[in-house]
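Each remark here refers to the structure printed beneath this line.
The values are calculated or read from the model by the stated rules, or taken from the named source; none is laboratory data. Just so it is clear, the model here is predicted, and its values are computed rather than measured. All Cβ positions, glycine included, derive from the backbone under ideal geometry; neighbour counts span all protein chains shown. Heads up: the accessible areas ignore ligands, DNA and RNA and are worked out on the full protein's heavy atoms, side chains in. Shrake-Rupley method; radii C 1.70, N 1.55, O 1.52, S 1.80 Å.
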Amino acid sequence: QQQVKQSPQSLIVQKGGIPIINCAYENTAFDYFPWYQQFPGKGPALLIAIRPDVSEKKEGRFTISFNKSAKQFSLHIMDSQPGDSATYFCAASKSGNKLVFGAGTILRVKS
Amino acid sequence: GAGVSQSPSNKVTEKGKDVELRCDPISGHTALYWYRQRLGQGLEFLIYFQGNSAPDKSGLPSDRFSAERTGESVSTLTIQRTQQEDSAVYLCASSPGQGFGYTFGSGTRLTVV
């Protein structure tokens, strides 16, 4: 059972654009929602995370928007750069237990 | 160490052979996780250790898969009688405990031929 659905599967934007990646979850007990960035040949690295008591969190050029009633959250990358080209994974967990990951989004930022 | 270390980085094995994958977590991290990543897919949970105990091993796909952790440090994932569908990148992650983000290693790429 896929508990976290991620879209789109791939995304191409121009440098300076704002790619948006969306995730939807099913389990209302989830209370921790991180995003991970993965470069080829490397393990995923934690980018930013949010808990359901806030609707938005910003860290540098990365913003998470969270909609608890819709059970959706999204990642926005401001002023995207070619170096942001990577695979992005959303995830969710309940009370710090194991993370359930989305299927990933391959982002390419064209220079 | 500074990060999570996994070895080997690449492993090619013949179908039917056993393999052992090793994970050295960040020192002091009590929680350790194993995930599997098939080509072009997301991360599939395998097993979680808290200390040396495994309270959640629900993701192990069959009894050919087992894992252990000793000294609240190193963990070994063993796959017996490997099959071609076991080919994937096996990722290990550690964290200071529940409720914290994970730090992943670079993974072991397993190819079963």
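Flag not set for A:Gln14, criterion: touching a residue at least 24 places away in the same chain (Cβ under 8 Å), polar (S, T, N, Q) and under 30 Å from B:Ala88 (Cβ atoms).
Within the stretch B:94-107, the residues that satisfy the criterion of being on the phi < 0 side of the Ramachandran plot, over 15 Å from the mean Cα position of the chain (by Cα) and within 9 Å of another protein chain (Cβ to nearest Cβ) are B:Gln98, B:Phe100, B:Gly101.
Considered as a group, the residues in the stretch A:41-57 that are assigned to a loop (DSSP other than H, G, I, E, B), within 19 Å of A:Ile21 (Cα to Cα) and within 13 Å of chain B (Cβ to nearest Cβ) include one that is least open to solvent (accessible area, probe 1.4 Å), and that residue is A:Pro44.
Exactly one residue out of B:Leu39, B:Leu32 is open to solvent by 30 Å² or more (accessible area, probe 1.4 Å), closer than 24 Å to A:Gly104 by Cα and touching a residue at least 40 places away in the same chain (Cβ under 8 Å): that is B:Leu39.
Scanning the stretch B:59-103 for residues that are modelled with pLDDT of 95 or more and aromatic (Phe, Trp, Tyr) yields B:Phe65, B:Tyr90. Note on the stretch A:66-111: enclosed strands (runs of 3 or more DSSP E) holding 1 or more residues that are out of contact with any Gly (no Cβ under 6 Å at 6 or more places or on another chain) and touching a residue at least 60 places away in the same chain (Cβ under 8 Å) are A:86-92, A:105-110. Keeping to the stretch B:1-23, report how many residues are surrounded by 13 or more Cβ atoms within 10 Å (Cβ to Cβ), under 19 Å from A:Leu46 (Cα atoms) and over 10 Å from the mean Cα position of the chain (by Cα). Total satisfying the criteria: 3. Considering the stretch A:10-32, and only residues there that are within 12 Å of chain B (Cβ to nearest Cβ) and modelled with pLDDT of 95 or more, the residue that is least open to solvent (accessible area, probe 1.4 Å) turns out to be A:Cys23.
What about A:Ser69, is it of a type in the set (S, T, N, Q) and either more than 12 Å from the chain's Cα centre (by Cα) or open to solvent by 40 Å² or more (accessible area, probe 1.4 Å) (or both)? Before the answer, list the steps.
Details: of a type in the set (S, T, N, Q): yes; either more than 12 Å from the chain's Cα centre (by Cα) or open to solvent by 40 Å² or more (accessible area, probe 1.4 Å) (or both): yes.
Answer is yes for this residue.
Entry remark, the stretch B:44-85: residues being in contact with an Asp or Glu (Cβ under 6 Å, 6 or more places away or on another chain) and open to solvent by less than 50 Å² (accessible area, probe 1.4 Å) number 6 in total. Look at (1) in contact with a Gly (Cβ under 8 Å, 6 or more places away or on another chain); (2) among the polar types (S, T, N, Q); (3) part of a loop (DSSP other than H, G, I, E, B) and you find that B:Gln6 fails only one, number (3). When B:Leu77, B:Leu91, B:Leu110 are checked against the criterion of being more than 13 Å from chain A (Cβ to nearest Cβ), closer than 21 Å to A:Gly104 by Cβ and part of a strand (DSSP E or B), B:Leu110 stands alone in meeting it. For the residues B:Gly42, B:Gly59, the requirement of being within 13 Å of another protein chain (Cβ to nearest Cβ), closer than 15 Å to A:Leu99 by Cα and more than 14 Å from the chain's Cα centre (by Cα) singles out B:Gly42.
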